[in-house]
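Okay, structure first, notes after.
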Amino acid sequence: MKIGVFTALWGNLSFEEALDCAVQHGVQAVEIGAGGYPGSPHCPVDELLESQARRDEWLGEIASRGLMLSALSIHNNPLHPDAEVAREADETFRKAIRLAEALGVPVVNTFSGLPAGAPGDTMPNWVTCPWPPHFLETLDYQWNKVALPYWREAAPFAADHGIKVAFEMHPGMLVYNVETLLRLREVNPVLGCNFDPSHLWWNGVDPVEAIRALGEAIFHVHGKDVAVDPHNVRVNGVNDNKPYDRILDRAWTFRSIGYGHDVKAWKDIVSALRMVGYDYVISIEHEDAMMSTNEGLAKGVALLKEAGIFEEAGEMFWA
């Protein structure tokens, strides 16, 4: 298992500067945005697709620093009711799949997307309860008329290029928990999970149980923590649409690793990942509004170095 970092936190730096920062923080891998919400400040997608020499140069900058590329990330919404938004997201997805194959990186991280609530709607609609009855009609439309048809066509494209598609289970997307992830995975086993425990904790999910349920569907892992504020939860519950900077008033807030859950919680996550056969990268995604990028990342790396399991278990000589 390796510790990595999602370089989106250094979007204001050049590609080379971001890689140097990764080295300074002692990580072994980088996850790089290739469009969508993360943008692509460190990944000139079209240039890389067009030129093997450019790809060699770009990968050489990573390898020369002793790093590996764990994934390309393009979190976006190809199911959006705005046809132009959906078209751009689909184009970004297909470019990322082609580029991942050309770069030799095995996985592209993204979102499932979220459709409108009904034909003719102009905005996506996230349903969280089954009543009044029109919500069930909405879910039927979203899954059976939009999401499943899209991914039935898109998944073979990824498979044909030898790339796995890892969905981050995220609120506001059709895939937001284990059940919805596994439902979409039924389309094609090339579809799986970019496992991020931060979005699960605030929703009452035990990440260890989720890992055991997902098993081989986990293709990539994000290292991100969340602190749940029991005072605000007792007043208003866990669903919270207040801006992220209203930390004192929110039910939950993203934190640097260790500032939401202690090292034992992360040791349990790492152990569960090993039990289900995951031995790839935990890529730290820094989104802590109370801590600088450098401090938050440094503390996250330090905790994962303690919690991680980095060597092969070896023979059970005692058995």
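The values are calculated or read from the model by the stated rules, or taken from the named source; none is laboratory data. None of the values given here were measured: they were computed from a predicted structure. Cβ coordinates were reconstructed from backbone atoms using ideal geometry, including for glycine residues, and neighbour counts include every protein chain displayed.
From (1) within 28 Å of Leu69 (Cβ to Cβ); (2) touching a strand residue (DSSP E or B) at 6+ places or on another chain (Cβ under 8 Å), pick out the condition that doesn't hold for Tyr244.
(1)
Could you check Trp126 against (1) among the aromatic types (Phe, Trp, Tyr); (2) farther than 21 Å from Pro78 by Cα; (3) exposed (fewer than 15 other Cβ atoms within 10 Å of the Cβ) and say which number it fails?
Condition not satisfied by Trp126: (2).
For a quick check of your reading of the model, give me the residue pairs whose first member lies in region 303-319 and is more than 17 Å from Ala265 (Cα to Cα), whose second is surrounded by 10 or more Cβ atoms within 10 Å (Cβ to Cβ) and not aromatic (Phe, Trp, Tyr), with beta-carbon atoms closer than 7 Å and at least 6 apart or on different chains.
Going by the 7 Å Cβ cut-off, the qualifying pairs are Phe310/Met1.
With the requirement that a residue be outside any helix (DSSP H, G or I) and charged (D, E, K, R), what does region 281-319 give you?
Glu285, Glu287, Asp288, Glu311, Glu312, Glu315
How about region 162-280: which helices (runs of 4 or more DSSP H) wholly inside it have at least 3 residues that are modelled with pLDDT of 95 or more and farther than 24 Å from Gly300 by Cβ?
178-185, 230-236
Of the conditions (1) surrounded by fewer than 19 Cβ atoms within 10 Å (Cβ to Cβ); (2) closer than 29 Å to Asp240 by Cβ; (3) within 19 Å of the chain's Cα centre (by Cα), Arg94 satisfies every one except a single condition; which number is it?
(2) is the only condition that Arg94 fails.
From the list Val178, Val187, Val127, Val208, pick out the single residue that is in contact with an Asp or Glu (Cβ under 7 Å, 6 or more places away or on another chain) and not charged (D, E, K, R).
Every option except Val208 fails the conditions.
Would you be able to say whether some residue in region 48-63 is in contact (Cβ under 8 Å) with a residue 60 or more places away in the chain and surrounded by 13 or more Cβ atoms within 10 Å (Cβ to Cβ)?
no
Since Glu84 meets every condition but one in (1) farther than 30 Å from Glu50 by Cβ; (2) without any contact (Cβ under 8 Å) to a residue 24 or more places away in the chain, which condition does it not meet?
It fails just one condition, (1).
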